[in-house]
Amino acid sequence: MLDNSKILITGGTGSFGKCFVNMTLKRFNPKCIFIYSRDEMKQWEMAEEYKNDDRIKFIIGDVRDKERLSRSLDSIDYVVHAAATKIVPTAEYNPFECVKTNINGAMNVIDTCIDKKIKRVVALSTDKACNPVNLYGATKLASDKLFIAGSLSHNNSNTKFSVVRYGNVMGSRGSVIPFFLNKRKEGQLPITDLRMTRFMISLEQGVNLVWHAFENMLGGEIYVKKIPSIKVTDIAKVIAPEAKIKVIGIRPGEKLHEQMINYEDAPHTYEYEDYFKILPAINSLSKDKKRIGKGVKVVEGFTYTSDNNDEWMDNKTLLNWLESNINKIGAI
């Protein structure tokens with residue numbers, strides 16, 4: 001599908017954008033990939049990596065700027081919307097800025113994609129959008145709703161929108177793995193709660209889910225990747241087996257367990273081999289046979305949380321991943 005196409009990715013200099021570009025160039029042969037972001041230094045650094053590949057283009061711009069988006073989307077076929085304000089404390093202390101990027105920016109992307117008759121758009125979401133307890137999660141829930149409704153807009157007959165939702169990326173900046181690696185030299189690891197669990201996903205798995213969404217979408221779906229869970233205490237044991245554990249209590253806006261599908265989603269959720277699909281509750285589209293395909297409806301009251309998961313990552317698997325990725329942990 002992506003062969004000989006023009007792709008634009010918002011927030012393209014971030015961790016996901018870099019991985020998406022690298023993997024997409026290896027698997028497909030796109031005509032060009034446009035990196036749309038507001039950080040000129042990150043663009044300059046990324047441009048150095050691809051200085052010999054003229055398929056990679058860079059555009060300085062912000063999703064808050066609708067006019068700039070409109071000009072940048074001329075002749076584009078596919079869009080990945082990865083731009084967002086993501087750090088929970090930053091969003092809590094700068095709520096207006098978070099809303100401008102995550103909600104107003106999403107509206108700008110949707111409007112301009114419809115106006116420019118973009119073929120398909122995939123927006124990245126987060127577990128924090130499911131039953132949100134912090135502003136970041138609340139803005140991403142609003143963003144998800146906007147993209148779902150975008151496919152169903154009365155003035156949209158060309159552009160399809162869908163959402164992919166997954167948890168924290170293994171080894172990403174600010175996440176628990178690089179945090180524990182940094183703290184282990186002190187001989188003590190702070191843990192908010194001994195019961196805490198988290199989903200584990202790699203950037204590569206995230207990119208594969210976006211590719212699948214592009215191939216599979218009819219519009220309005222939320223794709224949820226099946227991924228393993230792990231106890232935070234087990235992460236600590238693997239990273240620093242000799243370190244002491246200090247329980248510091250759950251921080252504001254933090255959940256004990258991650259959640260990606262809630263009770264309210266269950267009536268509209270279908271299960272497939274390696275993912276779930278939440279279909280739109282509006283316009284009875286959750287009963288659309290084409291959107292359901294070979295999916296099996298989940299049972300009443302179903303939830304998908306990191307503590308009730310059927311799949312768990314064992315310590316050996318985590319250790320092997322650490323050894324294979326140690327040079328990039330904290331840099332992605």
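Here, each number is a calculation from the coordinates, and none is a lab measurement. Please read all numbers here as calculations on a predicted model, not as lab measurements. No Cβ is skipped: glycine too gets one built from the backbone with ideal geometry, and neighbour counts run over all protein chains shown.
Things to note:
- Strands (runs of 3 or more DSSP E) contained in the stretch 143-258 and holding at least 1 residues of a type in the set (A, V, I, L, M, F, W, C) and farther than 25 Å from residue 86 by Cβ: 244-247
- So residue 85, is it part of a loop (DSSP other than H, G, I, E, B) and surrounded by 13 or more Cβ atoms within 10 Å (Cβ to Cβ): yes
- Candidate set: the stretch 149-185, residues that are in contact with a helix residue (DSSP H, G or I) (Cβ under 8 Å, 6 or more places away or on another chain) and closer than 12 Å to residue 122 by Cβ; chosen: the one surrounded by the fewest Cβ atoms within 10 Å (Cβ to Cβ): 159
- Within the stretch 194-211, considering residues that are among the charged types (D, E, K, R) and surrounded by fewer than 17 Cβ atoms within 10 Å (Cβ to Cβ), the one farthest from residue 254 (Cα to Cα): 204
- Looking only at the stretch 259-279, and only at residues there that are part of a helix (DSSP H, G or I) and touching a Gly at 6+ places or on another chain (Cβ under 7 Å), the one that is surrounded by the fewest Cβ atoms within 10 Å (Cβ to Cβ): 263
- When residue 290 is tested against (1) under 18 Å from residue 129 (Cα atoms); (2) in a helix (DSSP H, G or I), just one condition goes unmet, and that condition is (1).
- Residue tally, condition among the aliphatic types (A, V, I, L, M), touching a strand residue (DSSP E or B) at 6+ places or on another chain (Cβ under 7 Å) and over 28 Å from residue 209 (Cα atoms), over the stretch 152-190: 1
- When the stretch 240-281 is limited to residues that are more than 28 Å from residue 185 (Cβ to Cβ) and β-branched (Val, Ile, Thr), the one that is farthest from the chain's Cα centre (by Cα) turns out to be 269.
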